[in-house]
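A short write-up of the structure that comes next.
The values are calculated or read from the model by the stated rules, or taken from the named source; none is laboratory data. If you're wondering where the values come from, they're calculated on a predicted model, not measured in any experiment. Positions of Cβ are backbone-derived with ideal geometry, glycine not excepted, and every protein chain shown enters the neighbour counts. What goes into the accessible areas is simple: the full protein's heavy atoms, side chains included, and nothing from ligands, DNA or RNA. Shrake-Rupley method; radii C 1.70, N 1.55, O 1.52, S 1.80 Å.
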Amino acid sequence: MEFGAGGMRRSASHNSLSGSDDFDLTHLLNKPRINVERQRSFDDRSLSDVSYSGGGHTRGAGGFDGMYSPGGGLRSLVGTPASSALHSFEPHPIVGEAWEALRRSLVFFRGQPLGTIAAYDHASEEVLNYDQVFVRDFVPSAMAFLMNGEPDIVKNFLLKTVLLQGWEKKVDRFKLGEGAMPASFKVLHDDKKGVDTLHADFGESAIGRVAPVDSGFWWIILLRAYTKSTGDLTLAEKPECQKAMRLILSLCLSEGFDTFPTLLCADGCCMIDRRMGVYGYPIEIQSLFFMALRCALLMLKHDNEGKDFVERIATRLHALSYHMRSYFWLDFQQLNDIYRYKTEEYSHTAVNKFNVIPDSIPDWLFDFMPCEGGFFVGNVSPARMDFRWFALGNMIAIVSSLATPEQSTAIMDLIEERWEELIGEMPLKICYPAIENHEWRIVTGCDPKNTRWSYHNGGSWPVLLWLLTAASIKTGRPQIARRAIDLAERRLLKDGWPEYYDGKLGKYVGKQARKFQTWSIAGYLVAKMLLEDPSHLGMIALEEDKAMKPVLRRSASWTN
């Protein structure tokens, strides 16, 4: 394989697709993509295949490979990365620097690349856990390597984390569930003995001692991305990978005294990994939950062990999609309805089903909500709605098709309408608005790292560029991503690829931000490669499943 500056490929590298879908991508990209017969891939199969036919279908030769049509435009193959040489795209000068920085972060285990450390910050006196490989943090790095035709590191990572999942896991003498994935792991080199060993952290060393909820979801999502990118079905079909998925699903699909189809989780269990009042049913976890369930549905074998999980997933997805699209969605019309809600309603005829008190609507929201646009709110529970915007949950909702096409369009409308608040001078606000004053003291426990407009409390995180770009392409609005990337390119390299930025506009490098933060680097590279070749979107995004019917009542902002 031939590489140019910074590791970008000069020539096309085509991993073969399985069965009859073994197309020559170069041939297709050089000609108008019309009259190309669409092959029904395993991704295309809807829940109706499971729910109404008893789940008895088997995978065809097409496997996970199919075609995807971002924004309803020309179709492009999603299984194989395409060469940048096929597109008139001049790489930005910092792309090469980004690849060099990403490769410096590589971690090796017994001579094989296994992941990337969280940050390569020599200037920082405290290493903390930034020298570890985080499951969550590695995902954008993995996407970058997959898009660049380097899948081996991703395969190594997926298999090694499966082994770590099998370890006995204890936090303060409490034993975690068998399916829990580590938050992170570290490779320990013994130069004298010439032996490498792994040390996994399942939350017992984390700040706040919070076990991660999202690691397992990201692992499943990455397994599907690897399969889509390479066309290699054998990894997902390995007994250990099938078992890993079933163990993760056993945790999140377990029955409890909770009638919500959403997932109940602790504050600080996701990317918002410190107290920010997201306890309960945060949008980030629900979107990842939804996407992981859909990915698992595509990859689980329909054998004796897998069939039960397939049916349980299908049932949960129907309920989860309805619940999220109905009760977490907020636009101008819905806000007006909540503003006029009656309270203390009883019986199944109640309109205000969660007994939300209209006086609890924060003042900022009335000015923030445009007439056109909408988003999934941060959290919903009885008598309480967290009306804040959380970027990751809304972006994942778009790429996973948790959001309907109309809702996806409305989310992107909101970003354009509230560009200064959500994008500012450095993409992308992790949440909006910041918690301040007395509320900050109560909610965060006076956390000095989460002061207003900093870190998780309204800070701006460059890593989110890759998901913003994926959402922009999927909704046919690549100009949004291009504008955001242009902003990031003005400062990312100059500022040393920081972890996050502070301030209302994201103008200042974060007060405790690590430099050469790996996922800031990888997020930028993935965003650039997605814009350069939108066919990469297939390894990230899922098409809408027609079996999950959207909510019938639609506000004006959805259709305008």
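I'd like to know if region 130-151 contains one or more residues that are without any contact (Cβ under 8 Å) to a residue 40 or more places away in the chain and at positive phi.
No, region 130-151 contains no residue that is without any contact (Cβ under 8 Å) to a residue 40 or more places away in the chain and at positive phi.
Just a yes or no: is a residue in region 227-237 among the basic types (Lys, Arg), under 22 Å from residue 387 (Cα atoms) and under 20 Å from the mean Cα position of the chain (by Cα)?
Scanning region 227-237 turns up no residue that is among the basic types (Lys, Arg), under 22 Å from residue 387 (Cα atoms) and under 20 Å from the mean Cα position of the chain (by Cα).
Here is a yes/no grid of residues against (1) among the basic types (Lys, Arg); (2) at pLDDT 95 or above; (3) buried (at least 24 other Cβ atoms within 10 Å of the Cβ):
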residue	(1), (2), (3)
405	no, yes, no
415	no, yes, yes
418	yes, yes, no
421	no, yes, no
427	no, yes, yes
432	no, yes, no
435	no, yes, no
441	yes, yes, no
450	no, yes, no
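Can you name the residue in region 85-101 that is touching an Asp or Glu at 6+ places or on another chain (Cβ under 7 Å) and open to solvent by 30 Å² or more (accessible area, probe 1.4 Å) and, of all such residues, is modelled with the highest pLDDT?
Across region 85-101, the extreme among qualifying residues is 92.
For residue 104, are the conditions met, namely being basic (Lys, Arg), modelled with pLDDT of 95 or more and surrounded by 14 or more Cβ atoms within 10 Å (Cβ to Cβ)?
no
Rundown of residues vs (1) touching a helix residue (DSSP H, G or I) at 6+ places or on another chain (Cβ under 6 Å); (2) open to solvent by less than 10 Å² (accessible area, probe 1.4 Å); (3) closer than 30 Å to residue 247 by Cα; (4) among the polar types (S, T, N, Q), yes/no style:
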{"residue": "292", "(1), (2), (3), (4)": "yes, yes, yes, no"}
{"residue": "299", "(1), (2), (3), (4)": "yes, yes, yes, no"}
{"residue": "344", "(1), (2), (3), (4)": "no, no, no, no"}
{"residue": "349", "(1), (2), (3), (4)": "no, no, no, yes"}
{"residue": "359", "(1), (2), (3), (4)": "no, no, no, no"}
{"residue": "373", "(1), (2), (3), (4)": "yes, yes, no, no"}
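For residue 531, which of the numbered conditions (1) in a loop (DSSP other than H, G, I, E, B); (2) open to solvent by 20 Å² or more (accessible area, probe 1.4 Å) fails to hold?
(1)
Does region 387-403 hold any residues that are part of a loop (DSSP other than H, G, I, E, B) and either hydrophobic (A, V, I, L, M, F, W, C) or open to solvent by 10 Å² or more (accessible area, probe 1.4 Å) (or both), and which are they?
Selection gives 387, 388, 402, 403.
Out of 267, 337, 273, which single residue is in a helix (DSSP H, G or I), at pLDDT below 95, of a type in the set (Asp, Glu) and open to solvent by 10 Å² or more (accessible area, probe 1.4 Å)?
337
Kindly establish whether residue 286 is in contact (Cβ under 8 Å) with a residue 24 or more places away in the chain, open to solvent by 20 Å² or more (accessible area, probe 1.4 Å) and assigned to a helix (DSSP H, G or I).
So residue 286 fails the test.
Matching residues to (1) more than 27 Å from residue 453 (Cα to Cα); (2) in contact with a Pro (Cβ under 8 Å, 6 or more places away or on another chain):
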| position | (1), (2) |
| --- | --- |
| 313 | yes, no |
| 316 | yes, yes |
| 327 | yes, no |
| 341 | yes, yes |
| 357 | yes, no |
| 362 | no, no |
| 378 | no, yes |
| 381 | no, no |
| 385 | no, no |
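Out of 321, 326, I need the residue that is at pLDDT 95 or above and of a type in the set (Ser, Thr, Tyr). Which one?
321
Looking at this structure, is residue 162 open to solvent by less than 10 Å² (accessible area, probe 1.4 Å) and part of a helix (DSSP H, G or I)?
It is false that residue 162 is open to solvent by less than 10 Å² (accessible area, probe 1.4 Å) and part of a helix (DSSP H, G or I).
Name, by its number, the condition in (1) open to solvent by 30 Å² or more (accessible area, probe 1.4 Å); (2) without any contact (Cβ under 8 Å) to a residue 40 or more places away in the chain; (3) within 26 Å of residue 265 (Cβ to Cβ); (4) of a type outside the set (A, V, I, L, M) that does not hold for residue 327.
So the condition that residue 327 fails would be (2).
Please work out if residue 409 is at pLDDT 95 or above, more than 22 Å from residue 523 (Cα to Cα) and open to solvent by 10 Å² or more (accessible area, probe 1.4 Å).
The answer is yes for residue 409.
If I ask for residues that are open to solvent by 10 Å² or more (accessible area, probe 1.4 Å), in a loop (DSSP other than H, G, I, E, B) and in contact (Cβ under 8 Å) with a residue 24 or more places away in the chain, which ones from region 456-493 would you list?
Across region 456-493, the qualifying residues are 475, 476, 477, 491, 493.
Have a look at 186, 155 and point out the one that is open to solvent by 10 Å² or more (accessible area, probe 1.4 Å), more than 28 Å from residue 531 (Cα to Cα) and basic (Lys, Arg).
Testing whether each residue is open to solvent by 10 Å² or more (accessible area, probe 1.4 Å), more than 28 Å from residue 531 (Cα to Cα) and basic (Lys, Arg) leaves just 186.
Find the residue count for region 203-231, including only residues that are at pLDDT below 95 and open to solvent by 10 Å² or more (accessible area, probe 1.4 Å).
10
For residues that are assigned to a helix (DSSP H, G or I) and either under 29 Å from residue 327 (Cβ atoms) or hydrophobic (A, V, I, L, M, F, W, C) (or both), tally how many sit in region 226-264.
Matching residues across region 226-264 total 11.
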